[in-house]
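The structure appears below as structure tokens.
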Amino acid sequence: MLFNSFEFICVFLPLTLAGFFLLGWRQLPRLAVAWLILASLFYYAWWSLWQIGVLAASVFGNYFLARRVGLGEHRKAWLVFGIVANVSALLFFKYANPAYGHVDRWLDLGWNWHHVIMPLGLSFYTFQQVAYLVDAYRTRESERSFLNYCLFVTFFPQLIIGPIVHHREMLPQFADDCVFRPSLANFNAGLPIFFLGLFKKVAIADPIGRYIDPAFAASAAGDSLTLFEAWAAALGYTFQLYFDFSGYADMSIGIARLFGIHLPHNFDSPYQSRSMAELWRRWHMTLMRFMRDYIYIPLGGSRRGPARQQVNLLITMILCGLWHGDGAGWTFFVFGLLHGIVLVGNNLWSRWREVNGIALGRWWDDGVARVLTFLTWCFGLVLFRASTVGSATDIWKGMFGFNGAALPDQVLAFLPFLHGWVEPLRQMPNLAKGTVLGLTEFATLMLLSAVLAFFCRNLHQLSSRQRVLLLMPTFAFAIQGALFAGVPAQFLYFQF
């Protein structure tokens with residue numbers, strides 16, 4: 001049941017809100033919390049009933065461990081056991097299939113291995129609970145109410161793709177009686193955020209995806225993409241992922257706000273960044289907060305000298321890449337490694353400029369730096385989308401022109417100066433349906449995406465009044481796309 005589906009918008013969400021506030025109005029807050037937990041479990045079970053068992057085991061196990069870590073004896077041993085257990089479960093579901101496959105091929109064992117299915121949202125709620133265990137150890141405290149803890153983990157707006165929330169951000173809100181009463185202010189704030197996020201998903205991200213998917217499929221099948229196809233595929237995916245993920249983040253925050261719950265900001269116009277370090281801080285902000293607080297800083301952060309800082313940064317980014325991966329190939333490991341190298345280079349460059357007192361001026365910060373940052377991210381995301389490192393390499397070759405350049409002959413008729421070095425084609429089947437109309441529609445979407453991503457303020461920079469003014473037009477476009485565009489497309493981050 002997707003946020004952009006008919007059954008969610010018109011059935012599940014209204015019924016869940018009605019039951020929650022009805023129980024709150026009858027001054028039954030514990031029943032209201034229980035209702036919201038049951039609704040969240042129903043939402044999760046909609047995908048696959050067996051995955052409820054994994055989620056339930058994780059919730060019960062970590063609640064028990066947190067009590068021992070926060071209040072019991074041998075606290076450090078319980079903490080280590082809890083972290084190992086959570087990470088082991090995550091590694092099993094992510095990497096059991098390729099690991100057993102490699103062992104079977106190397107040793108020719110002939111195992112009849114049944115494919116392990118990755119439970120939806122496992123990466124997110126595992127990290128959330130690992131952070132809770134560590135905080136319980138540091139503060140010598142743990143949540144006494146199992147209902148509140150269960151809602152903290154299973155709250156459906158953030159269960160599948162985050163944000164990864166800290167207990168101190170969520171649990172105090174459940175103790176506030178105002179949460180259980182409907183608020184016009186919360187609806188005025190939540191509905192515009194939800195529908196603007198829905199607009200990003202159904203009006204921008206999904207149409208771009210339908211245009212570029214054939215190009216990546218052709219590359220995975222062994223076809224070489226030419227210059228324009230490769231660049232269109234890479235840029236298209238860069239904007240598709242941006243609006244798909246930021247759309248989900250907005251919808252998640254908007255839905256939670258309808259219940260009176262404030263989720264943390266998770267996406268802050270990253271394509272307006274001036275460096276890769278800044279971009280990562282503004283992209284999936286709660287994940288990067290987790291990586292900083294629970295991996296980078298415990299490794300030593302910047303406390304042990306510049307050389308050790310760069311090693312810690314490289315390790316953190318490799319682990320970030322592996323967290324996104326599914327174990328099927330090396331693409332996410334290489335993605336994390338390359339971004340680690342880029343961030344190390346970014347740190348060294350910033351340090352060198354600071355030591356030598358070099359100020360390049362606004363032309364660099366507002367122009368060149370932004371362009372270089374975006375292009376670096378665009379090149380890196382090819383690994384994020386490609387099925388193999390070989391496929392990504394071939395797309396990169398196409399982006400540098402090693403696979404030639406081709407355009408439909410109808411397009412060349414309008415651009416005669418390109419005839420000398422561009423091969424004419426009757427169609428371009430790997431991109432935008434191979435038609436001039438398709439290419440025109442794709443170019444329009446890309447232009448709209450660039451304007452919104454590079455120059456416009458995000459939802460959290462807009463005032464409440466401005467968001468309300470945007471509500472009606474985005475509501476119309478979003479509902480039309482969600483309800484009449486056929487089967488809703490899944491969010492890209494569902495695979496992680």
- Query: Only one of (1) β-branched (Val, Ile, Thr); (2) modelled with pLDDT under 95; (3) more than 23 Å from the chain's Cα centre (by Cα) is not met by residue 16, so which one is it?
  - Reply: (2)
- Would you say residue 367 is over 25 Å from the mean Cα position of the chain (by Cα), surrounded by fewer than 17 Cβ atoms within 10 Å (Cβ to Cβ) and not in a helix (DSSP H, G or I)? no
- Restrict the check to the stretch 237-255 and report whether at least one residue is under 30 Å from residue 147 (Cβ atoms) and among the charged types (D, E, K, R). yes
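Rundown of residues vs (1) surrounded by fewer than 21 Cβ atoms within 10 Å (Cβ to Cβ); (2) closer than 20 Å to residue 239 by Cβ, yes/no style:
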position	(1), (2)
274	yes, yes
279	no, yes
297	yes, no
303	yes, no
- Select from the stretch 11-36 the residues that are without any contact (Cβ under 8 Å) to a residue 12 or more places away in the chain and surrounded by 13 or more Cβ atoms within 10 Å (Cβ to Cβ) and list them in ascending order. 22, 28, 31
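This table checks each residue for (1) closer than 30 Å to residue 118 by Cα; (2) in the same structural domain as residue 224 (by TED's automatic domain parsing); (3) modelled with pLDDT of 90 or more.
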residue	(1), (2), (3)
298	yes, yes, yes
302	no, yes, no
323	yes, yes, no
337	yes, yes, yes
380	yes, yes, yes
393	yes, yes, yes
- Requiring at least 2 residues that are within 19 Å of the chain's Cα centre (by Cα), the helices (runs of 4 or more DSSP H) wholly within the stretch 123-235 are 146-154, 156-159, 184-199, 206-220
- Residue check, residue 302 against (1) free of Cβ contacts under 8 Å to residues at least 12 places away in the same chain; (2) closer than 30 Å to residue 405 by Cα, all met but one. Which one? (2)
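Consider residue 39 carefully, then state whether it is surrounded by fewer than 20 Cβ atoms within 10 Å (Cβ to Cβ) and among the small types (Gly, Ala, Ser). Spell out the reasoning first.
Values: surrounded by fewer than 20 Cβ atoms within 10 Å (Cβ to Cβ): no; among the small types (Gly, Ala, Ser): yes.
It is false that residue 39 is surrounded by fewer than 20 Cβ atoms within 10 Å (Cβ to Cβ) and among the small types (Gly, Ala, Ser).
For every residue, the table says whether it meets (1) at pLDDT 90 or above; (2) closer than 30 Å to residue 98 by Cβ; (3) basic (Lys, Arg); (4) not assigned by TED's automatic domain parsing to the domain that holds residue 342.
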{"position": "403", "(1), (2), (3), (4)": "no, yes, no, no"}
{"position": "414", "(1), (2), (3), (4)": "no, no, no, no"}
{"position": "425", "(1), (2), (3), (4)": "no, no, no, no"}
{"position": "433", "(1), (2), (3), (4)": "no, no, yes, no"}
- Message: Suppose we filter 343, 287, 319 for residues that are in the same structural domain as residue 392 (by TED's automatic domain parsing), aliphatic (A, V, I, L, M) and surrounded by fewer than 18 Cβ atoms within 10 Å (Cβ to Cβ); which single one remains?
- Response: 319
- Given (1) under 30 Å from residue 236 (Cα atoms); (2) modelled with pLDDT of 90 or more; (3) not aromatic (Phe, Trp, Tyr), residue 202 misses just (2)
- Applying the selection to the stretch 266-291, what residues are within 16 Å of residue 368 (Cα to Cα) and small (Gly, Ala, Ser)? 273, 275, 277
- Please state which one of 134, 153 is under 30 Å from residue 95 (Cα atoms) and surrounded by fewer than 21 Cβ atoms within 10 Å (Cβ to Cβ). 134
- Taking the stretch 42-64 on its own, how many of its residues are closer than 16 Å to residue 130 by Cβ and either touching a residue at least 12 places away in the same chain (Cβ under 8 Å) or not aromatic (Phe, Trp, Tyr) (or both)? 8
- Query: If the Cβ limit is 6 Å and pairs must be 6+ apart or interchain, which residue in the stretch 343-365 that is of a type in the set (S, T, N, Q) pairs with which residue that is part of a loop (DSSP other than H, G, I, E, B) and surrounded by 10 or more Cβ atoms within 10 Å (Cβ to Cβ)?
  - Reply: 346/275
- residue 72 versus (1) exposed (fewer than 15 other Cβ atoms within 10 Å of the Cβ); (2) at pLDDT 90 or above: which is the lone unmet condition? (2)
- Out of (1) part of a helix (DSSP H, G or I); (2) buried (at least 23 other Cβ atoms within 10 Å of the Cβ), the odd one out for residue 292 is which? (2)
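The values are calculated or read from the model by the stated rules, or taken from the named source; none is laboratory data. Since we're looking at a predicted model, the values are computed, not measured. Using ideal geometry, Cβ is built from the backbone for each residue, glycine included, and neighbour counts are taken over all protein chains shown.
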